[in-house]
Each structure stands twice: as structure tokens, then as C-alpha cells.
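Peer 1: Before I ask anything, here is the structure I am working with.
The values are calculated or read from the model by the stated rules, or taken from the named source; none is laboratory data. Note that the structure is a prediction, hence the values are computed from the model and not measured. Don't worry about glycine lacking a Cβ; one is built from the backbone with ideal geometry, like all the others, and counts go over all protein chains shown.
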Amino acid sequence: MGDVAMTVPVLSQLLEQHPEIRITVVSRIQFEPLFSGLPRTQFLEADVKGKHKGLRGLLRLAQTASRLDVDLVADLHNVLRSKTLVAYFRLKGVRCMVMDKGRAEKRALIEAQGAPKTTLKTTHQRYADVFSKAGVQIDLTTKATYPKAELSPRLHNVFGTGIRKAIGIAPFAAHSGKMYPLAQTEQLVLELAKDPNYLVLLFGGGEKETAWLSKLASMSEQIENIAGQVTFTEELTLISNLDLMVSMDSGNGHLAAMYDVPVLTLWGVTHPCLGFAPFGQTKQAQLLPDLEKYPSIPTSVYGNKVPEGYQQVMASINVSTVIEKVRSLV
């Protein structure tokens with residue numbers, strides 16, 4: 001989801017800077033709400049586990065897409081499925097541009113194991129470069145982001161009455177190497193909840209994660225658990241109305257950045273130098289672990305490779321440091 005969410009600010013800029021362009025986004029149906037606020041945009045479902053499964057299914061998807069009379073195919077994924085679609089359109093004589101993921105550069109940075117870190121091109125810029133190859137330039141220095149979504153009465157009740165800063169906290173990630181220890185997360189949330197000027201909203205997914213978040217929310221009236229309580233569209237609406245999102249190197253940070261919500265990112269065995277920081281966020285909003293104690297960071301691109309002795313890398317980010325940074329950002 002994070003990779004998909006990162007395309008949204010780029011496409012928003014594309015459409016704002018080039019009003020003559022219309023786009024069709026091809027992706028899984030669960031991601032459709034991410035693009036609903038973009039003008040001149042339609043969505044085409046890629047049912048890769050159903051009617052578009054396998055080579056025959058992908059050809060069926062390509063045939064459906066070709067009926068839209070597209071002038072350019074921009075492959076922002078560069079995986080086997082998207083390569084299949086690109087091959088089809090090239091045979092049809094349609095211009096196709098493919099994202100350079102910089103895999104070799106990232107692998108070299110991982111293999112350096114603590115050598116001086118080169119800051120690689122951001123993923124957002126890599127997306128923009130796909131269009132520049134076709135002569136369509138995108139300036140990412142200005143922000144064309146979604147406005148806040150209007151709260152329904154039910155969602156308005158989540159924020160309650162009174163003027164409080166709404167702080168979202170998304171403590172989970174796909175891999176343990178990118179996840180803040182739950183004990184420290186609990187300490188962080190409860191400490192923030194002591195401040196009557198703050199409302200803490202907890203985001204996450206999965207049965208066990210939701211149960212843990214619900215238990216944590218029950219400890220204070222200043223905490224609301226969102227996981228399992230709303231639809232994805234409603235979750236996006238709530239995120240758009242936050243004053244700050246505290247996230248791991250994970251999708252929730254990118255969802256908040258879509259709406260120009262400040263994002264405080266906590267990093268583990270990955271590192272922002274790889275280009276995955278949320279859109280438009282400053283270096284001051286990226287908290288890193290103790291790099292003297294853990295010099296080999298980044299150990300992997302996605303956080304799935306944790307060397308021996310690096311299991312507690314995120315514990316080196318003190319709760320007091322996170323709280324201090326939260327207060328400075330809100």
C-alpha cells in the first residue's frame with residue numbers, strides 16, 4: 001500500500017501542472033479510494049487473483065485497457081505483471097515508459113554496511129522520471145495534495161468536542177525490523193494521552209493488532225482506536241484531518257503525506273537515504289536509531305533482513321525523544 005500511496009502526490013502534481021492530461025490508474029480494487037480525489041482520473045481494477053490471474057488474465061486486462069485509446073503507458077511498478085502489460089502495449093505501437101527502481105544502487109548501499117551513506121533519488125522522483133522520459137515534466141517542489149476530506153457526523157464524533165490536536169499513531173509495520181517495540185509504543189501513547197490538548201488516534205490492521213490497540217485505547221479517554229472500526233475510505237478521511245501522524249517506515253505515513261499532514265517517521269533497519277521517506281517531509285521529522293551502536297543500517301530495503309544483534313534496533317529511539325519531537329511538530 002505504501003508504494004501505491006506514494007504515487008498519489010506525483011499524479012496530483014501531474015494533473016495540476018498538465019490540465020490537458022487524463023489518466024487511468026490500473027491497480028487492485030482495495031486501492032481505488034486512494035485515487036478518488038484526483039481530477040480527470042478513472043480507475044481500472046486489476047483482479048490479479050480472479051479474472052486477471054496468470055498470463056491469460058493479464059492479456060484480458062491489457063485488452064480492456066487498450067479500448068481506452070491510451071497514448072502512453074507509465075509503468076510505475078516494474079514487476080512481472082506490469083512488464084507483461086507493457087509488452088502487450090508495445091506490440092500495439094503504444095509508447096511505454098518504465099520506472100527505474102534503482103535496484104543496483106540500493107543493493108550497493110545495503111552491501112556497504114555502514115560506509116558513508118549516499119542519499120538516493122526519492123521514489124516520488126523516480127515516479128516523476130517515468131513521465132519525463134515521455135517529455136512530460138513534473139515539478140515536485142510544490143505540493144499539489146488532497147484537501148482535508150469532510151467529516152461525516154459519525155466520524156466527527158471520533159474527534160469529540162473542544163479544540164485538541166489530533167495525533168495519529170500507526171505502530172505496526174510489515175516486518176519487525178521496522179516496528180517500534182510495543183512496550184515503548186504503549187508508554188508513548190499513554191504519555192501523550194495525559195495532555196488534555198491531545199487526542200491520540202490509533203491506526204492498524206489485523207486481528208491481533210486490533211485487539212492490542214483496543215486494549216491500549218481502553219486505558220484513557222484521550223485515546224481512540226480506529227483499527228477495525230471504519231472503512232478504508234473513512235480511515236482516509238480521519239487521516240486527512242489529523243494534525244500529525246506518527247508512523248513507522250510503512251504505508252500510514254505515506255497516506256498522511258498525501259494530505260500534507262505532518263508525518264513523524266520512526267526508522268529501524270531501513271533508512272530514509274533509500275528514498276522511501278513520506279512526501280514533502282523534512283529530515284527533522286525522521287527519527288533514526290543509534291547509528292553508532294547499529295552502524296550497518298540500512299540492512300535491507302524493505303526491513304525484512306535483520307542481522308544478528310539488530311533485533312532491538314528501534315528500542316534505541318527513546319520515548320522521550322519521540323514525545324519531544326511530537327510536541328515540536330504540533
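Each row is one residue, and each column tells you yes or no for (1) touching an Asp or Glu at 6+ places or on another chain (Cβ under 9 Å); (2) charged (D, E, K, R); (3) buried (at least 20 other Cβ atoms within 10 Å of the Cβ); (4) within 19 Å of residue 327 (Cα to Cα).
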| residue | (1), (2), (3), (4) |
| --- | --- |
| 192 | no, no, yes, yes |
| 235 | no, yes, yes, no |
| 243 | no, yes, no, yes |
| 273 | no, no, no, no |
| 277 | yes, no, yes, no |
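Peer 1: Scanning region 289-299 for residues that are out of contact with any Pro (no Cβ under 7 Å at 6 or more places or on another chain) and surrounded by fewer than 20 Cβ atoms within 10 Å (Cβ to Cβ), which turns out nearest to residue 112 (Cα to Cα)?
Peer 2: Checked region 289-299; the qualifying residue nearest to residue 112 (Cα to Cα) is 295.
Peer 1: Can you name every residue in region 107-118 that is closer than 18 Å to residue 268 by Cα and not in a loop (DSSP other than H, G, I, E, B)?
Peer 2: Residues of region 107-118 closer than 18 Å to residue 268 by Cα: 107, 109-118.
Hits for region 107-118 are 107, 109, 110, 111.
Peer 1: Tell me, please, whether a residue that is at pLDDT 95 or above, in the same structural domain as residue 169 (by TED's automatic domain parsing), part of a loop (DSSP other than H, G, I, E, B) and not aromatic (Phe, Trp, Tyr) can be found in region 318-330.
Peer 2: Yes, the conditions are met somewhere in region 318-330.
Rundown of residues vs (1) over 28 Å from residue 269 (Cβ atoms); (2) assigned to a loop (DSSP other than H, G, I, E, B), yes/no style:
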position	(1), (2)
21	yes, yes
34	no, no
61	yes, no
64	yes, no
84	yes, no
88	yes, no
120	no, yes
124	no, no
128	no, no
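Peer 1: Could we say that residue 38 is over 23 Å from residue 92 (Cα atoms) and surrounded by 14 or more Cβ atoms within 10 Å (Cβ to Cβ) here? Working first, answer last.
Peer 2: Values: over 23 Å from residue 92 (Cα atoms): yes; surrounded by 14 or more Cβ atoms within 10 Å (Cβ to Cβ): yes.
Against the criterion (over 23 Å from residue 92 (Cα atoms) and surrounded by 14 or more Cβ atoms within 10 Å (Cβ to Cβ)), residue 38 qualifies.
Peer 1: So which pairs qualify, if the first residue must be in region 273-302 and free of Cβ contacts under 8 Å to residues at least 60 places away in the same chain and within 15 Å of residue 263 (Cβ to Cβ), the second must be among the β-branched types (Val, Ile, Thr) and assigned to a helix (DSSP H, G or I), the Cβ gap must be under 9 Å, and the two must be at least 6 apart or on different chains?
Peer 2: Here the result reads 287/321; 287/322, each pair linking region 273-302 to a residue that is among the β-branched types (Val, Ile, Thr) and assigned to a helix (DSSP H, G or I).
Peer 1: If you don't mind, another one. Just to be sure, is residue 169 over 24 Å from residue 288 (Cα atoms) and surrounded by 13 or more Cβ atoms within 10 Å (Cβ to Cβ)? Explain how you work it out, then say what you get.
Peer 2: Working: over 24 Å from residue 288 (Cα atoms): no; surrounded by 13 or more Cβ atoms within 10 Å (Cβ to Cβ): yes.
In short, no.
Peer 1: Evaluate region 53-73: report whether one residue or more is closer than 26 Å to residue 173 by Cβ and not β-branched (Val, Ile, Thr). Steps first, please.
Peer 2: To start, the set of residues in region 53-73 that are closer than 26 Å to residue 173 by Cβ comprises none.
No, that holds for no residue.
Residue-by-condition table, conditions (1) touching a helix residue (DSSP H, G or I) at 6+ places or on another chain (Cβ under 9 Å); (2) within 23 Å of residue 318 (Cβ to Cβ); (3) of a type in the set (A, V, I, L, M):
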| residue | (1), (2), (3) |
| --- | --- |
| 218 | no, no, no |
| 223 | yes, yes, yes |
| 232 | yes, no, no |
| 238 | yes, no, yes |
| 261 | yes, no, yes |
| 264 | yes, yes, yes |
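Peer 1: Please report, ordered by residue number, the helices (runs of 4 or more DSSP H) entirely within region 171-245 with at least 2 residues that are closer than 27 Å to residue 270 by Cβ and under 17 Å from the mean Cα position of the chain (by Cα). Explain how you work it out, then say what you get.
Peer 2: Numbers: elements: 182-193, 207-217, 232-240.
Helices (runs of 4 or more DSSP H) meeting the threshold: 232-240.
Peer 1: Among (1) crowded, with 19+ Cβ neighbours inside 10 Å; (2) within 17 Å of residue 191 (Cα to Cα), which single condition is residue 248 missing?
Peer 2: (2)
Peer 1: What are the residues in region 83-98 that are without any contact (Cβ under 8 Å) to a residue 12 or more places away in the chain and either touching a Leu at 6+ places or on another chain (Cβ under 8 Å) or basic (Lys, Arg) (or both), if any?
Peer 2: The first filter runs over region 83-98 and keeps only residues without any contact (Cβ under 8 Å) to a residue 12 or more places away in the chain, leaving 87, 90-91, 93.
90 - this is the single residue of region 83-98 that is without any contact (Cβ under 8 Å) to a residue 12 or more places away in the chain and either touching a Leu at 6+ places or on another chain (Cβ under 8 Å) or basic (Lys, Arg) (or both).
Peer 1: Looking at (1) of a type in the set (A, V, I, L, M, F, W, C); (2) modelled with pLDDT under 95; (3) out of contact with any Pro (no Cβ under 9 Å at 6 or more places or on another chain); (4) surrounded by fewer than 20 Cβ atoms within 10 Å (Cβ to Cβ), which is the one condition that is false for residue 219?
Peer 2: Only one criterion in (1) of a type in the set (A, V, I, L, M, F, W, C); (2) modelled with pLDDT under 95; (3) out of contact with any Pro (no Cβ under 9 Å at 6 or more places or on another chain); (4) surrounded by fewer than 20 Cβ atoms within 10 Å (Cβ to Cβ) is unmet by residue 219, namely (2).
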